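The values are calculated or read from the model by the stated rules, or taken from the named source; none is laboratory data. Computed from a predicted model, the values in this text were never measured in an experiment. Cβ atoms come from the backbone with ideal geometry, glycine included; neighbour counts cover every protein chain shown.
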There are 2 protein chains.
Amino acid sequence: MKALLVVAHGSRRAASNDEVRKLCKRIREEKGGEEFGVVMAGFLELAEPSIPEGIEKCIELGADQVVVLPYFLSAGRHVSEDIPAEVEKARIANLHASIHLAPYLGSAPGVSRLLVELAEGGEKNGDSFE
Amino acid sequence: MKALLVVAHGSRRAASNDEVRKLCKRIREEKGGEEFGVVMAGFLELAEPSIPEGIEKCIELGADQVVVLPYFLSAGRHVSEDIPAEVEKARIANLHASIHLAPYLGSAPGVSRLLVELAEGGEKNGDSFE
C-alpha cells in the first residue's frame, strides 16, 4: 500500500496546521484515495507529527511505499536541505520501506494553470471589480 | 486590459523571489497571456515591487483592471490582514482602476489534484523508490 505524507513547514497558528490536515482529508476523499491508502500531514517544525513520525505512522498503518511531498512554494533551505535530511533519517530507521521524496509544490508545472483559474474564478463566482 | 499581480511574501534569498517572477513569465507564455495583458510579481516585504508599486506598474502599462492574487498556502495574518490593507492603499490611490483581490493559492480547490499529480508524477518520470 502507498501512503502520501504532505509536509508543511508548521505554524504556531493552529488553524494553519489544520488547513494542511483538511487538505489531506480532501485528497483522501478525492482521486488521491484511489492511489494512496493513507494521506496525512507532517510538519518540519512547530507542529506534529514530525516528518520521521509521519513516515513511521504511514508504515504502521500498512504502507510499504511512502511518498513525502513538500507543501512549499519555493526551493529554499527547508526544501533543499532540511526535509531531505529528515527523510534520510526515516529511511535509515525503516530500511524495509520505500520512501520517496516528491518535488515541492511550487515546482509543479500545473501551478501556473491553477493561478489563472483562481484569478479568473473570482470573477466567475460573482465577485465584482470595485 | 486586465493585469494579474501575483503577490508572494518576499524573501532575503533572491532565488526565491526570482522563482515567483519566472512563474509569472510562464503564466504569460501559457493560457494566462490570453486573459491578462500583464502578469507580474509583487512582494509583501523584502523584495520589489511592493504591492502598491506593482499595482501602479500594472496601471501604467495600461491595465484598467488588476487582479491581485496572494501566492500563499495558508490563511494567516498576511493573507487576511496585511495584503488586503496594501490593496486598499492602492485602491485609494487609483480610484479610476478596478482592483480585485483573488483568493489565496492554498484555498484553490485544485491544489489537492495538483498534489496527487505531483506525488504520482515522480514515479511516472522514473524516479525509483529506494
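All of (1) crowded, with 20+ Cβ neighbours inside 10 Å; (2) touching a strand residue (DSSP E or B) at 6+ places or on another chain (Cβ under 7 Å); (3) more than 16 Å from B:VAL111 (Cβ to Cβ); (4) of a type in the set (A, V, I, L, M, F, W, C) hold for A:ALA47 with one exception: (2).
Quick check on B:ARG26: is it in a helix (DSSP H, G or I), at the interface with chain A (Cβ under 8 Å from one of its Cβ atoms) and not hydrophobic (A, V, I, L, M, F, W, C)? Spell out the reasoning first.
Values: in a helix (DSSP H, G or I): yes; at the interface with chain A (Cβ under 8 Å from one of its Cβ atoms): yes; not hydrophobic (A, V, I, L, M, F, W, C): yes.
The answer is yes for B:ARG26.
When region B:9-39 is examined, which residues are found to be touching a strand residue (DSSP E or B) at 6+ places or on another chain (Cβ under 6 Å) and touching a residue at least 24 places away in the same chain (Cβ under 8 Å)? Passing the criteria: B:GLY10, B:VAL20, B:GLY32, B:PHE36, B:VAL38, B:VAL39.
When each of A:LEU73, A:LEU105, A:LEU115 is tested for being within 12 Å of chain B (Cβ to nearest Cβ), modelled with pLDDT of 95 or more, over 17 Å from the mean Cα position of the chain (by Cα) and surrounded by 15 or more Cβ atoms within 10 Å (Cβ to Cβ), the lone residue that passes is A:LEU115. Taken as a whole, the structure places A:GLY62 among residues that are in contact (Cβ under 8 Å) with a residue 60 or more places away in the chain and among the small types (Gly, Ala, Ser). Taking (1) at pLDDT below 95; (2) facing chain B (nearest Cβ under 9 Å) in turn, A:LEU4 satisfies each apart from (1).
For region A:81-101, filtering for residues that are within 28 Å of B:ASN17 (Cα to Cα), over 15 Å from the mean Cα position of the chain (by Cα) and not acidic (Asp, Glu) leaves 1. When the residues of region A:89-102 are filtered to those that are in contact with a strand residue (DSSP E or B) (Cβ under 9 Å, 6 or more places away or on another chain) and more than 10 Å from chain B (Cβ to nearest Cβ), the one that is modelled with the lowest pLDDT is A:ASN94.
A:ALA41 passes every criterion in (1) buried (at least 19 other Cβ atoms within 10 Å of the Cβ); (2) part of a loop (DSSP other than H, G, I, E, B) apart from (2). Take the conditions (1) without any contact (Cβ under 8 Å) to a residue 60 or more places away in the chain; (2) of a type in the set (A, V, I, L, M); (3) more than 20 Å from B:VAL111 (Cα to Cα); A:MET1 misses just one of them, which is (1).
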